[in-house]
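Please treat every number below as a calculation from the coordinates, not as lab data. Keep in mind it's a predicted model, so treat the numbers as computed, not measured. Note that we place each Cβ from the backbone using ideal geometry, even for glycine, and neighbour counts take in every protein chain shown.
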Amino acid sequence: MSDRSNLAYLVVFIGVCGHASSEVFAVLSGVAGPEVSVWRYLTGAAGLLVAALSRKSTRDLITPLKEDGGRLLWLSLWGVSLAYLAFHWALDFATVVQVGTLVTTIPIFVGLANLVINRVPFSVPKILSGACAVIGVALLVTDGYLGELAGREGSLYGIGLAIACAALAAGYAVMARPLIIKHGAIRITTITITLGAAGLWVIVGVAWNVWVDPFTLFDRPPVERWSLLTLGVWNTTITQLLWVGGLAAVPDITRGSYLFFLKPVITALLALVFLTQPITAIQVAAIIVVCGSVVVEFLWPRLAALRSGAGARSGCCRDTKN
């Protein structure tokens, strides 16, 4: 493998670390989930706009809006605004490990969305991985009940919101793909996150009467200020650019996407170190089941090829003996 390929995989891994640390910085900010989602995406959208406008190849953001403005608007509202409102709101109820693990089920929901939207049938490995994901969710729900008995209320609400985030984000991935092919990943990511940030600002303002003023960011206490800035610049702008750019550069995009399954493990370790949130045995089991189920789905073609090769060799041997 060339040094350039290794560097591309490293870039993807750093992007995964950015995804994995977003839950931690959201909790460190101390800001309620709905409000923190607005801060994150207003700041992140500003960063993406600067990045897109600084390159000639991605500077034209008007053409996609002229040609597909309606689709981009509603895709942004439910694929960014509602999805990441659910994500950050979930952290007000569930633990970082629970939310981080459930968000990793996005590839499974992508399969479901592909079935509903594009009529792509469910294969055997997708059915198996879906069943395993249900088991993983059941483990986390059980852990939620145990948490309530111990006095930590609301885990089940957080689990439900995290599942909603995964489903909405998966639908966004399926519906955005044709637009990304047509206009490019950076432009579509920048436009949808910018429109989604505006949508979040309105939704949270109307529903919670919290109208975020981005010009007051530096008036906040230092921990809040730097956590919110990190969420916007690192976890949104830089992470999106690294993830999209890295996957575009790796020689095997499927193998590169496998690195996303490290997210709940990295999230759990960061939560343990920086938030002192303990990792329960049930949460460890859920991480193993959910990550393992999705990895097996992607490895299934190779396993099937190995079985076919073994069967062919066995048949050849029997023919020779006969």
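Here the extension length gained between I135 and L7 equals 42.5 nm, from 0.36 nm per residue of separation less the Cα-Cα distance.
As a proxy for reagent exposure, I108, I163 were ordered by neighbouring Cβ count within 10 angstrom, fewest first; the result is I163, I108. Hydrodynamic radius of region 168-298 by the Kirkwood approach over all distinct alpha-carbon pairs: 17.9 Å. Ordering E35, E23 from the fewest to the most neighbouring beta carbons within 10 Å gives E35, E23.
Taking 0.36 nm per residue of sequence separation and removing the Cα-Cα distance, the L65/K182 pair yields an extension gain of 40.9 nm. FRET efficiency for the A281 to A32 pair, using the beta carbon distance and R₀ = 35 Å, is estimated at 0.70. Here the extension length gained between T216 and D92 equals 42.3 nm, from 0.36 nm per residue of separation less the Cα-Cα distance.
In terms of other Cβ atoms within 10 Å, T43, T192, T105, T280 run from fewest to most in the order T280, T43, T192, T105.
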